[in-house]
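A short worksheet on the structure shown next.
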Amino acid sequence: MEKIMVHGKVYEIIEGNEGMINLVELEDKMTDYFDNYDYVFGDYSYEKVRLKGFNDSYSKGVNSINDIQYLEEYKKEYCSYGAKTFLIKKVK
C-alpha cells in the first residue's frame with residue numbers, strides 16, 4: 001500500500017493513488033478535526049478537494065453518518081458523477 005504523511009501523521013491510501021492527491025491542498029484542508037476519524041475520504045469538485053471523516057463500524061465515535069460501511073452510499077448521494085475520489089486510512 002502506498003503511504004503519505006499529512007501533518008506528521010501517516011496514512012495508507014486505500015482508494016486512489018498518491019499522484020492524484022494534491023498533498024498541498026490536502027494539508028491545507030486537513031485540520032485537527034479529522035484526528036478523531038479512522039478514514040478521510042476526499043472528492044474533487046470544481047478542482048477543489050472536499051473532505052469527510054469516517055470511522056470503522058466498531059470504533060468508539062462511530063454513528064450512522066460516519067460509519068465507513070456507508071461510504072458507497074455517501075458517494076452516490078453527495079459526490080458529483082465521475083468525480084475523482086480517494087480514501088486514506090490513519091496508520092495507528
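Rundown of residues vs (1) surrounded by 16 or more Cβ atoms within 10 Å (Cβ to Cβ); (2) within 10 Å of the chain's Cα centre (by Cα), yes/no style:
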residue	(1), (2)
M30	yes, yes
Y39	yes, yes
S45	no, no
L51	yes, yes
F54	yes, yes
V62	yes, no
Y70	no, no
K84	no, no
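Of the residues that sit in segment 32-86 and are among the small types (G, A, S) and assigned to a loop (DSSP other than H, G, I, E, B), which one is nearest to N22 (Cα to Cα)?
Going through the qualifying residues, I end up with A83.
Please go through (1) under 11 Å from K90 (Cβ atoms); (2) at pLDDT 95 or above for L51 and return the number of the only condition it doesn't satisfy.
That leaves (1) as the condition not met.
If you take the residues of segment 72-82 that are surrounded by 11 or more Cβ atoms within 10 Å (Cβ to Cβ) and among the hydroxyl-bearing types (S, T, Y), which of them is nearest to the chain's Cα centre (by Cα)?
Y74
Checking S64 against (1) hydroxyl-bearing (S, T, Y); (2) modelled with pLDDT of 95 or more; (3) over 19 Å from V91 (Cβ atoms), which test does it fail?
The number of the failed condition is (2).
The values are calculated or read from the model by the stated rules, or taken from the named source; none is laboratory data. What you are looking at is a predicted structure, and each value in this text was computed from that prediction instead of being measured. All Cβ positions, glycine included, derive from the backbone under ideal geometry; neighbour counts span all protein chains shown.
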